[in-house]
Amino acid sequence: MKRAALWMVLAALVACNKAPRQEEPAKAEAPKVETPVAAPAPAASDAAPANVETSAAKLVVDEAAFADATPASAKSIGHTSVVFKIDFSNGQRAAWKPRSKRGKVRYKGEIAAYRLGRALGLPNVPLAFPFHVAKEDLNKATKGKDASLLDEEVIAEADGSVRGALIPWIPKLEFYPVETEKSRAEWEPWLFKGAEIPEKDRIIAADISTLIAFDLITGNWDRWSGANLGANGPGGHLLFIDNDGAFFDPVPPGPLAKQTALLQRTERFSRSFVEALRKLDGDALSRAFGDESGEPLLSAAVLKGVAARRATVLSIIDKKIAERGEAAVLFFP
């Protein structure tokens, strides 16, 4: 699936996994979350106002670029989740996932995944940061077209603002179909059976290995449902997109078991990733996630789960090192 476009427009719904909402018991199948990625540029009727410059050259992947920006044009692009495409008054464009009744803290998964990736020195997780939008401003930016959605789903604070995760758009994003049968026939032998890796594919192979461990640590149940991995990150790296299925409390047991099984089968890992993961313990892990509006981004229970899964990942890797040797297991730089 390849579409030239800017970052974060609606991804296709593919084979949803079962999982509970973060703050509700597991009773029914959770909806697929559309991380908006790689879709065509908006048509003329859907474009930002004429005074808003939205060319890729003007898009700056920098939190500071949105500091004084206000929504100029906004449109709901989610089906089962609440996601808005926002063009800002200063020419920036982003996807915004608000706090909503469909997932009161799911937006935090995007922010936490980025912060964890940064702490581990990974170039793979796109920037996502807390961003409040006044509900009134959002309604004006949508020109009232999404008034019912805003009233029924979006959760506003006492001051009328709405918390959420802002994810700047990235030009010309493409997907890497990691979950397809054809793709797995290529990368599984590299990681599971020690097959020779073509030089052009070594970065991808290392990134998939790291992705398997990263998703187990974060408990991201939604990775393997389709179109949740970007193909054209910096330096040829894959992009770990769509992380609002991560950091649930508790993590859905079915996907967690599958993630653990994937890690058990993986025989090659990145040395730099494993070394960084060893250092990220105790207080360092808590500091990595930081705060949101003066409060811890993740709850104590979620942090405890992350720490436990980190220990599981390292235990599995250390057992492999004991059996096969460090050079064989820490195969990638």
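The values are calculated or read from the model by the stated rules, or taken from the named source; none is laboratory data. What you see is a predicted model, and the numbers here were worked out from it, not measured in a lab. Here the Cβ positions follow ideal geometry from the backbone for every residue, glycine too, while neighbour counts run over all protein chains shown.
Laid out as a table, the results:
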item	result
Count - residues of the range 302-320 that are crowded, with 17+ Cβ neighbours inside 10 Å and either at pLDDT below 95 or more than 16 Å from residue 215 (Cβ to Cβ) (or both)	2
Only listed residue being surrounded by 22 or more Cβ atoms within 10 Å (Cβ to Cβ) and aliphatic (A, V, I, L, M), chosen from 77, 155, 167	167
Qualifying residue in the range 106-125 (condition: touching a His at 6+ places or on another chain (Cβ under 7 Å) and outside the structural domain of residue 306 (by TED's automatic domain parsing))	yes
Within the range 162-189, tally of residues that are outside any helix (DSSP H, G or I), touching a Pro at 6+ places or on another chain (Cβ under 7 Å) and free of Cβ contacts under 8 Å to residues at least 40 places away in the same chain	0
Unique residue being outside the structural domain of residue 324 (by TED's automatic domain parsing), in contact with a Gly (Cβ under 6 Å, 6 or more places away or on another chain) and modelled with pLDDT under 95 when the list is 138, 173	173
Entirely in the range 200-305, the helices (runs of 4 or more DSSP H) that have 1 or more residues that are of a type in the set (Gly, Ala, Ser), within 12 Å of residue 124 (Cβ to Cβ) and outside the structural domain of residue 124 (by TED's automatic domain parsing)	202-218
Index of the failed condition, residue 242 passing every other in (1) more than 28 Å from residue 170 (Cα to Cα); (2) modelled with pLDDT under 95	(1)
Some residue of the range 283-299 being more than 20 Å from residue 111 (Cβ to Cβ) and either of a type outside the set (A, V, I, L, M, F, W, C) or in contact with an Asp or Glu (Cβ under 8 Å, 6 or more places away or on another chain) (or both)	no
Every residue from the range 111-128 that is farther than 17 Å from residue 233 by Cα and in contact with a Lys or Arg (Cβ under 9 Å, 6 or more places away or on another chain)	119
The listed residue being buried (at least 21 other Cβ atoms within 10 Å of the Cβ), hydroxyl-bearing (Ser, Thr, Tyr) and in contact with a Lys or Arg (Cβ under 8 Å, 6 or more places away or on another chain), out of 107, 176	107
